[in-house]
1. Do the alpha carbons of any pairs in B:Lys69/B:Lys262; C:Lys110/C:Lys148; A:Lys228/C:Lys106; A:Lys50/B:Lys69 sit beyond 20 Å of each other, and which pairs?
2. Under the definition of partner shielding as Cβ atoms of other protein chains within 10 Å of a residue Cβ, what is the mean value for peptide A:219-230?
3. Straight distance only, please: which lysines reach the Cα of B:Lys264 with their own Cα at less than 27 Å, same-chain residues fewer than 8 apart left out?
4. Please state the Cα pair-distance histogram of region A:136-219 with 10 angstrom bins from zero: what percent is in each bin?
5. If the convex hull of the alpha-carbon atoms of the protein assembly as shown is projected onto planes in all directions, what is the mean projected area in square nanometres?
6. Would you mind putting C:271-283, B:354-366 in packing order, based on average other-beta-carbon counts within 10 Å, highest first?
7. If you consider only alpha-carbon coordinates, what radius of gyration and Dmax does region A:253-342 have, in Å?
8. By counting other Cβ atoms within 10 Å of each Cβ, how are B:Glu215, C:Glu52 ranked from fewest to most?
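Derivation of every value follows stated rules applied to the coordinates shown; laboratory data play no part. Bear in mind that the values here come from a model prediction, so they are computed numbers and not experimental data. We place every Cβ from the backbone using ideal geometry, glycine too, and count neighbours over all the protein chains shown.
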Amino acid sequence: MCGWDRRTEEQEFIYTLPGTIGTVRIRKNGMYFLKKRRIVREFEQHPRLKEFRFSFGKIVKNPLSVTGLSLIFIFFLIAVFAPVISPPKYEQEPFRIPHEGYSVIPNPPGPGHPFGTTTKQYDIFYGVIWGTRTAFRIGFMVVGTILIIGIAVGSISGYFGGIVDEILMRVVDIFMSLPLFILAMAIVTALGRSLDNIMRSLIIVGWPIYARTIRSSILTIREEDFIKAAKALGSGTFKIILKHILPNAIYPALILASLDIGAMVLTAAALSFLGLGAQEGYADWGQMVSLARNYIVGPQGQPFLFWYVVTIPGLFILFFVLGWNLLGDALRDIFDPKLRRK
Amino acid sequence: MAEPGTTDSILDIENLKVNFYTYEGVVRAIDEISFGLANGETLGIVGETGCGKSVTVLSILNLILPPGKIEDGTILYHENDSPVNLVEQSDEFMRAIRGNEISMIFQEAGNALNPVLSINRQVSESFLLHRQEELCTLVLKNIEKNLQKKRWPGLLLRYQKAKYTGKLRKARGNNLQYGRYGRLLKRQATELSIKLLESLGIPNPSEVILRYPHELSGGMQQRVVISMALACNPSILIADEPTSNLDVTIQAQILTLIEELKDKYRSSILFITHDLGVVSEIANRVIVLYAGTLVEFARVRELFKKPLHPYTRALLRSVPTPGKNGRLESIRGNVPNLLNPPSGCRFHPRCPEAMEICTQQKPALYVRKDRDGEKHMVACFLYKE
Amino acid sequence: MTCNETEARVLSELLEIQNLKTYYPIRSGVIQTTKNYVRAVDDVSLILVKGECLGLVGESGCGKTTLGKTLLRLEKPSAGAVYFNSEENGGGKLLDITTFSGNRLKQLRKRMQIVFQDPTTSLNPRMLIKNIIGEGITIYNLARGREKIDRVAELLNSVGLNRDHMMRYPHEFSGGQRQRIAIARALSTKPDFVILDEPTSALDVSVQAQILNLLIDLKNEYNLTYLFITHHLLVVEHISDRIAVMYLGKIVEISRTKTLFAGALHPYTIALLSAIPYPDPDIRRKRIILTGDVPNPIDPPEGCRFHPRCWLAVERCRIEEPLLEDAGDGHFVACHRKDDLAAEYHTHRYRR
């Protein structure tokens, strides 16, 4: 059908849905060509796809995970379509919340301000919409970094054992004993007040648990027969870690990561509330609550007068963290080999 | 030898059907099995992985947990002259029976013992649960002896006895948890346990009893498990592959021990194994299971000398025997997936003598008489009259 | 038993193990000083002839698995030498592989492989069969691309599976099939020597028969040498040419299979043989029950290691450790009382 004689490994097995057009990567004379071909016959599904569909099926059947996924998906849409939902006033700085006026007293939701305004008339609606982007950024960047650091340290420690393990674990102990808030305050004092500094302090404090998790799963997997078989085949150390150990050991860390995304955002919000985070007027959920510190409780007799100031960013934080927690729980149920094929 | 349904049998299983409702579908684990255990005999249950031997005995004790469910069938337990259907009984009734009249020993002795409790706690547990009357009587006897030694006047003696009886009864009622009197009972149970371990051939029982399971070797652990099972003198002992994980010499020890104990306690034994050598040594009669169905039921000698069912024949031919070199015969194909078992006779896809009817109907248990007039039952259309 | 002399003999030998010791140090205390050693393999000497199947029998704790792993350099040997018949210089030279490292070790690994006991844990559950079997081929660059796939398919066919089983995960297969995949993986690097560590112990009887037949066929076809480690005497009797019996880290008896079963000379072997349950209800032998449990390899008994459990033990057994001595016709026994036992056989005392 495609007319080439020499075929590469990938082309040997075409895995797409029958009846569709699949693209095939072909190598001839050292160059890559893309060729479309219509898949007429039914090919057996690629096993990785089969496994993925099985996992996916489990996800969509579990109501909690569906809730979690939907929440995250909604937030994802909000983040992606932020410029459409609430167009930025300052073109160069979309994260700067627009404010009309400098009045300190927050205004309730009304025309032009669907969620009202906080102190200094910052628009809450704009803030929470663009704050979604900030939240994703904090979550992914912090957790991504600590995953990488944790995996690296944990794998080396777990696989090699002995003195290397001891030293690295003592390093982990030291980092684990650093208090987050004090550290954040120290960094902010030294380097200035910004979201990046909060993220740095979160990274410094957050990675040890990943190292420990990975190390403990590696300690179990290291003794398994298939690792010994790989060694007997002559596989090099690095290759064994990458191809054999990590794909099996990484699942607890991934579950932890998905739960941590929510937790990191929550902690960052707390730090921002304390005033350590972004500059005033930056679109960040915690920062917005911090702005209205004086107006959390209203005047005598009307305690909930300024409810929107705390509640609305608070609800965004709540649902964001909830979504990731539910997803993390669902992932754990899916990846647990005992429950997997019940 | 007794047959199922007669007064001499102690357990009768009729048309037992067990299903497992899993995520992927209904697994028909046991499909209408019927057999009987006679009083005082050892019945060997032979089969390969997935044939349902463990499920069968677990259902006797009603230990099948969801998603498994006993769909159908009766399990008649003949004790005290009135048969009782164990399938229908309440949890309380079963709890009184388990460990007391029907007890079980498992394959991995290490797993059957709680690693954080001492051996003392675990063996005494059987006594404390089921033999409370006996313990109380023994404690009272000891107290009486002690008091008589001190030569207390008769009235005081009776008063003390009454006091202790009352307190012991209360301790019993409170599940022997706390208090001085509860401790008296526990101490008595410990003494009984030491005697029991000694009778099982464990050296230094008073020392061993204070240890934890991981401090003992595999053979010792299995002996402890056996002692826990025999503590209350059960009428039926179920042994689920008790020696599969043990070394050959330890296995020989345990098998000899089980034989001795069977004579001493006069129990009937249900012995599950996949090792044909073990079953030929220890069993009186044997049932062969395949994929959740009973395929053959005969006395052990008959089964080995004249196996009738094609599966049994193939199984016996695939065991390496000394002096017979060359290729071993193997059964073509694989064990069927019980989500979708084969129609009719479950062995027909792999059977070298399969006929048309085997794919359509499930064979009933046909009865043949063996040399001594005993029943030899086989579920195969080849033997239909 | 040294290996000098005739070149013919050297050429027919694949492996010669001389006084091999593998000790595991037991450390305790704050600074982790070595207090004692677990003497897993204690002074073992063996010769493996090309093309034969040597059965290694013993109970748990005797060190047979450790011996296998040490040969493969998965464990570090503490002392002794293992001479492997190298192909350099026309195949006449035996090199001590305990000294190999780096690339030389890697090239050596190509020639000896292992099949493990539990087929479930010996295959990486997250790897495709294609990659599991193909790993060996990739490491040594034996084939690439299409050729590699063909070679993997060929290996699968030789163990009785199909080409399209390649693109599946291990959990989709039964125990017997997984063990076949493990065997195919062991054969992927075209080894001369395969260690089989209880390959059928975790399998059902009928599947065991299939795998044993397969192993015999493969041995004949590819001219392999097997070291068959097991505790199941009937299985090893069926497949091995010679059998070595190990107890507490030492070899107590080696002989040809028939000779061993007809007349074993070490009391431990006799006890083992008498403890085997035969699938024949007519045979009711008197089991020789050994007292006590298998002792600990940390503190083995003085003198002959078996003497606390031996019913034939005399004073000499408590003091002096017996060495492997020739009892005629390639039958070696380490027992002070072997002559008495040989005499007993003539009076049919211990016959089965």
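1. Cα-Cα > 20 Å for B:Lys69/B:Lys262; A:Lys50/B:Lys69; rest within.
2. Per residue, the average neighbour count from other chains is 6.
3. B:Lys53, B:Lys141, B:Lys186, B:Lys195, C:Lys286
4. It works out to 20, 43, 28, 9, 0, in whole percents.
5. Mean projected area for the protein assembly as shown: 62.3 nm², to one decimal.
6. Averaged packing, sorted descending, gives the order C:271-283, B:354-366.
7. Expressed in Å, the Cα Rg and Dmax of region A:253-342 come to 17.4, 59.
8. B:Glu215, C:Glu52
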